[in-house]
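The values are calculated or read from the model by the stated rules, or taken from the named source; none is laboratory data. Remember, predicted model here, so these are calculated numbers, not experimental data. Every residue, glycine as well, gets a Cβ built from its backbone with ideal geometry; the counts of neighbours run over all protein chains shown.
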Amino acid sequence: MKDYSKTPLVHDRVAELYDQARPGYPAALFDDIVRYARLQEKARLLEIGCGTGQATLPLAERGHAIDCVEPGARMVAIARAKLADFPAATVICTDFESFSSRPASYDLLLSATAFHWLDPAIRFQKAHELLKKGGALALFWHRPTQTGISRDFEDALQAVYRRVAPELASKYEPAPSPDLVRTEYEALIPASGYFAELAIRKHRVATEYSAAAYADLLETFSDHQSLEPAKRLQLLSEVRRMIELEFAGAVVRETVALLYLARRN
């Protein structure tokens, strides 16, 4: 059986790089969350898998009280430092499955690029238990997408993967256009039986990377971390070289910041 509490710790090994390389989320996404959840001044929020606090900080800056759960000790240290000026933001070093709080404690439960790491057998049920009646669930991820802006780069990138890391290339599926990004939780959330009033918001994001910055981003992905070290270093080196030679040292990665909103039954 898969140990969901251990899987995300692969990111903790590269916590500093993760904080630098991973893109944040657009302000409009947080506007969507606050508006949907109808957050009042004394609302209590729970964030699951806060990582280095990339999604926590924008909400803390809005004055919200947030409890954050994160199993990675290095991630926790970065998040705590980032949130030091916000005493209403607390970062707890534990996994969601072990986290304990009084039932119906929170007005909003959110999770940024982390909910898929949780045990499917309990994640929706426990979220339901921790939320007040009518409380809101907000789950969001960056999903790769592709238009003419990034297509040539994606083609060149896959050529490098086929040559250096065919085990990753074999799993590659071309990113869809923004309108066709998969919304798998559109079915999973209502099917849980714990949430209703599902709403989905999509925000297009285009992030420019230097050759070095893009290689840093790749190094934060769990499948890349699983490569044998020498192969991973070769792959990152050849990706940097390809960006420098073929794209004048800078490329654009396109994503959709995909947000699911639902209300506790």
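Couple of notes before you dig in:
- Close pairs (6 angstrom Cβ cut-off, 6 or more residues apart or separate chains): at pLDDT 95 or above in the range 72-88, of a type in the set (Ser, Thr, Tyr) anywhere: Met75/Thr52; Ile78/Thr52; Ala79/Thr52
- Lone unmet requirement of (1) of a type in the set (A, V, I, L, M, F, W, C); (2) modelled with pLDDT of 95 or more; (3) under 25 Å from His128 (Cβ atoms); (4) part of a loop (DSSP other than H, G, I, E, B) for Met1: (2)
- Residue that is nearest to Thr207 (Cα to Cα) [pool: residues in the range 222-265 that are touching a helix residue (DSSP H, G or I) at 6+ places or on another chain (Cβ under 7 Å) and among the polar types (S, T, N, Q)]: Ser222
- Some residue of the range 187-202 being in contact (Cβ under 8 Å) with a residue 40 or more places away in the chain and acidic (Asp, Glu): yes
- Candidates are the residues of the range 92-105 that are surrounded by fewer than 24 Cβ atoms within 10 Å (Cβ to Cβ), under 21 Å from the mean Cα position of the chain (by Cα) and not small (Gly, Ala, Ser); the one that is nearest to Ile189 (Cα to Cα) is Glu97.
- Every residue from the range 151-184 that is among the acidic types (Asp, Glu) and part of a helix (DSSP H, G or I): Asp152, Glu154, Asp155, Glu167, Asp179
- The range 11-35 - residue that is within 14 Å of the chain's Cα centre (by Cα) and of a type in the set (A, V, I, L, M) and, of those, surrounded by the fewest Cβ atoms within 10 Å (Cβ to Cβ): Ala21
- Residues of the range 203-239 that turn out to be surrounded by 14 or more Cβ atoms within 10 Å (Cβ to Cβ), out of contact with any strand residue (DSSP E or B) (no Cβ under 9 Å at 6 or more places or on another chain) and either over 19 Å from Ala156 (Cβ atoms) or charged (D, E, K, R) (or both), as a count: 7
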